[in-house]
Amino acid sequence: MSDLTDCKQALLDELSRLVDERFAMAEDAGVDAEVFADTQRIATAMAAALPSVTVHDQRVGPFYDTAGLTSWLGVSKQAIAKRVKNNTLIGCQLESGTWVYPTWQFTDAAKVDQHLLQVWQILREHTNAWTAVLWMCSPNPALNDETAVRYATGGGDEFAEVLAAAHADAARWAA
């Protein structure tokens, strides 16, 4: 898509189609309109699934914020915080104190990609979260100038190259 306006229109078109389908199914099933009466709550929940917008979006984003991620995954803030603390979820804290979570870490099934998580855990042993996500999203000479995110999610033998590069840089940082 060429710009945000095009992306917004495409999203609204797709959302409209999906909402129409859902209402048609509800009508066919005889669902009471009261189920959909709290439009503010429904719209807020739907918008929470959209990536947040931060200054870091161009380089390592887009991101979910905590409210959006808890809504999308259906878990508590405490569960998110625990996963970040245990390095089973990629999260970074902004200077404002707000936590953000790169959208690229998630599979279509709303799970954290296990290859990316392995790379994250290697890097986090020796550096901070922002350095780790920047490393993962920056072109890397050891990976044919591709990003670790692309290599790690590409499947095949490429993942071994990402692990080797992550271990090498983490070892340098530790020295």
Restricting segment 123-175 to residues that are in a loop (DSSP other than H, G, I, E, B) and among the charged types (D, E, K, R), the one nearest to Glu95 (Cα to Cα) turns out to be Glu125
For segment 89-122 the number of residues that are assigned to a helix (DSSP H, G or I) and among the aliphatic types (A, V, I, L, M) is 4
Among Ala165, Ala148, the single one that is in the same structural domain as Trp104 (by TED's automatic domain parsing), over 22 Å from Tyr101 (Cβ atoms), among the aliphatic types (A, V, I, L, M) and touching a strand residue (DSSP E or B) at 6+ places or on another chain (Cβ under 8 Å) is Ala165
Condition set basic (Lys, Arg) and surrounded by 13 or more Cβ atoms within 10 Å (Cβ to Cβ), scope segment 65-86, selection nearest to Gln105 (Cα to Cα): answer is Arg83
The condition of being in contact with a Lys or Arg (Cβ under 8 Å, 6 or more places away or on another chain) and over 22 Å from Ala171 (Cα atoms) holds, among Leu89, Leu73, only for Leu89
| message | Yes or no: segment 124-140 includes at least one residue that is among the aliphatic types (A, V, I, L, M) and without any contact (Cβ under 8 Å) to a residue 12 or more places away in the chain. | response | no
Restricting segment 19-35 to residues that are at pLDDT 80 or above and surrounded by 10 or more Cβ atoms within 10 Å (Cβ to Cβ), the one nearest to Pro62 (Cα to Cα) turns out to be Val19
Within segment 64-88, the count of residues that are over 19 Å from His115 (Cα atoms), outside any helix (DSSP H, G or I) and touching a residue at least 12 places away in the same chain (Cβ under 8 Å) comes to 2
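Looking only at residues that are small (Gly, Ala, Ser) and at pLDDT below 95 in segment 69-116, which one is nearest to the chain's Cα centre (by Cα)?
The selected residue is Ala110.
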Apart from one, (1) over 15 Å from Gln118 (Cβ atoms); (2) at pLDDT 90 or above all hold for Ala175; the odd one out is (2)
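The values are calculated or read from the model by the stated rules, or taken from the named source; none is laboratory data. Keep in mind that what you see is a predicted model, and the values were worked out from it rather than measured. FYI the Cβ positions are ideal-geometry reconstructions off the backbone, even for glycines, and counts take in every protein chain you see.
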